[in-house]
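Here the structure is laid out as structure tokens; the discussion comes afterwards.
The values are calculated or read from the model by the stated rules, or taken from the named source; none is laboratory data. Since we're looking at a predicted model, the values are computed, not measured. Because the Cβ atoms are built from the backbone with ideal geometry, glycine has one as well, and the counts that use them run over all protein chains shown. Each accessible area value is taken on the protein alone, full model and side chains, heavy atoms only, with ligands, DNA and RNA left out. Shrake-Rupley method; radii C 1.70, N 1.55, O 1.52, S 1.80 Å.
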Amino acid sequence: MSVSSAGQGAMARLLLLCTASALLLAAVAAIPPPEEAARMARFVLHSCDWGALATLSVQEGLRGRPFANIFSLSDGPPGPRGGSGVPYLYLTDMEISVQDLEVNSNASLTVSLAQTPYCKKHGYDPQNPLCAHIIFVGSIVKVNDSEAGLAKKALFSRHPEMESWPKDHNWFFAKFNITNIWVLDYFGGLKIVTPEEYYSVKP
């Protein structure tokens, strides 16, 4: 029995997704110690496929209020190499949060190990500090042509469905330009990591 080209494409995307999931499972097996906050921030971001992006709304009835939304993201293909640390996103001007960003590009981005098997395996509630989460503050910027290839590889390796999203939505690659980082991965409160520490550490 033959399989259509569309069916083969779907099977290929499923295989890619399964491979990515397996690599992520292997990656979360070796979590950094709490005293290495910069490494923890890089680790958590690389372990996550999505995050909560908070903007200041420009929508009628919500103007000026915080508005959180879920976005797929990636800092690089899954695996033990640790990624670039840059959160890349695939956006369209049709999206409500992107409309907020067009007026004010400032935002915060939260990623948590709660979306991985790690916290459930250890019985950690998502609000438990041991279920590490990272809060980034900064702004969303479109990537330039020289960086678009990196963004595409990072995102499509984890989210192969993106390649088939409607072309008439005018999708574009963007990144979260990080200015502040807070790490909550243990008891005793938040830890502050500078962007310089974050990008210079070996994941």
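In the structure shown, the pairs K120/K175; K142/K167; K120/K152; K152/K191 are assessed against 26 Å; a Cα-Cα span above that value is assigned to K120/K175; K120/K152; K152/K191. A full extension of the chain between N104 and R65 corresponds to an added length of 12.8 nm, given 0.36 nm per residue minus the alpha carbon distance.
Within a straight-line Cα-Cα reach of under 19 Å, K153 can be paired with the following aspartates and glutamates, leaving aside sequence neighbours fewer than 8 residues apart in one chain: D49, D75, D145, E161, E163. Counting Lys and Arg as +1 and Asp and Glu as -1 over every other residue whose Cβ lies under 12 Å from the Cβ of Y186, the net charge comes to -2. Span-like helix criteria (full DSSP H runs; alpha carbon extent of at least 20 Å along the helix axis; mean Kyte-Doolittle hydropathy of at least 0.0) are satisfied in the chain by 5-27. Solvent-accessible surface of the stretch 108-203, taken per residue with a 1.4 Å probe and all protein chains present: 56 Å². The sum of -39500 (n - 2.57) across all DSSP H runs of n ≥ 4, divided by the residue count of the chain, sets its helix-only mean residue ellipticity at 222 nm to -10000 deg cm²/dmol. Per-atom-type breakdown for the chain gives carbon and sulfur 58% of the accessible area (1.4 Å probe, protein chains only). Provide, for q = 0.16, 0.18 Å⁻¹, the log10 of I(q)/I(0) from a solvent-free Debye sum over equal Cα point scatterers in the chain. Here log10 of I(q) over I(0) equals -1.08, -1.31.
Here's the picture: a label point sits 7 Å out from the Cα of N170 along the beta-carbon direction, and within the stretch 47-70 the residues with their amide nitrogen under 20 Å of it are 58-59.
Treating each Cα of the stretch 68-187 as one equal point scatterer and applying the Debye formula with no solvent, the log10 of I(q)/I(0) at q = 0.16, 0.17 Å⁻¹ comes out as -0.86, -0.95. With semi-axes defined as the square roots of five times the eigenvalues of the C-alpha gyration tensor, the equivalent ellipsoid of the stretch 67-114 measures 24, 12, 10 Å, largest first.
Considering all C-alpha pairs of the stretch 127-190, those separated by over 19 Å amount to 53%.
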